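Only the coordinates and a few stated rules stand behind these numbers; no lab work does. Because the structure is a prediction, the values reported are computed rather than measured. In this analysis, Cβ positions are derived from the backbone assuming ideal geometry, glycine residues included, and neighbour counts consider all displayed protein chains.
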């Protein structure tokens, strides 16, 4: 099963970075290939929503996802129905002096027959680049805010 993990330094205070990471709608708006809809908050610090990911030349995927704050600075997420049966991971924001460290870990599996046939290594590379770009974009936005 493919996995992704990255930790990067962010020149922004951890509360600012956490505010961004824990806003599932706002994070999705940072990317032209992702969107969320029908966001529900069934309980405090828990969100249930539909996510759509349109990866050019790879696949269009849609799944219902749950995200939940499990500890200070830690948000876990997983697919509960839809195109992805395996999609689990977490964001973590850790203070580092006046700045912060951002970590994203994801475990996923794109089902056979979704999108054009591609070697697993190519799909893994594309997904890795997407996850890296997500981390980089979150970093850029957090660092650019006042």
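Reported to the nearest whole Å, the Cα centre-to-centre distance from the stretch 1-63 to the stretch 94-141 is 11.
Taking R0 as 25 Å, what FRET efficiency do you get between residue 136 and residue 109 from their Cβ-Cβ distance, rounded to the nearest 0.05? Here the calculated transfer efficiency is 0.55. For the pair residue 37 and residue 99, label points projected 7 Å from Cα toward Cβ lie 3.9 nm apart. Packing-based ranking of 37-50, 81-94 yields 81-94, 37-50, ordered from highest to lowest mean Cβ neighbour count within 10 Å. The modelled label-to-label distance between residue 1 and residue 121, using points 7 Å beyond Cα along the C-beta direction, is 2.4 nm. Roughly what angle does helix 120-144 make with the longest principal axis of the chain, taking Cα atoms, 0 to 90 degrees, to the nearest 10? Here the helix axis deviates by roughly 20 degrees.
Note on residue 60 and residue 85: the model spin-label points, each 7 Å out from Cα along the C-beta direction, lie 2.3 nm apart.
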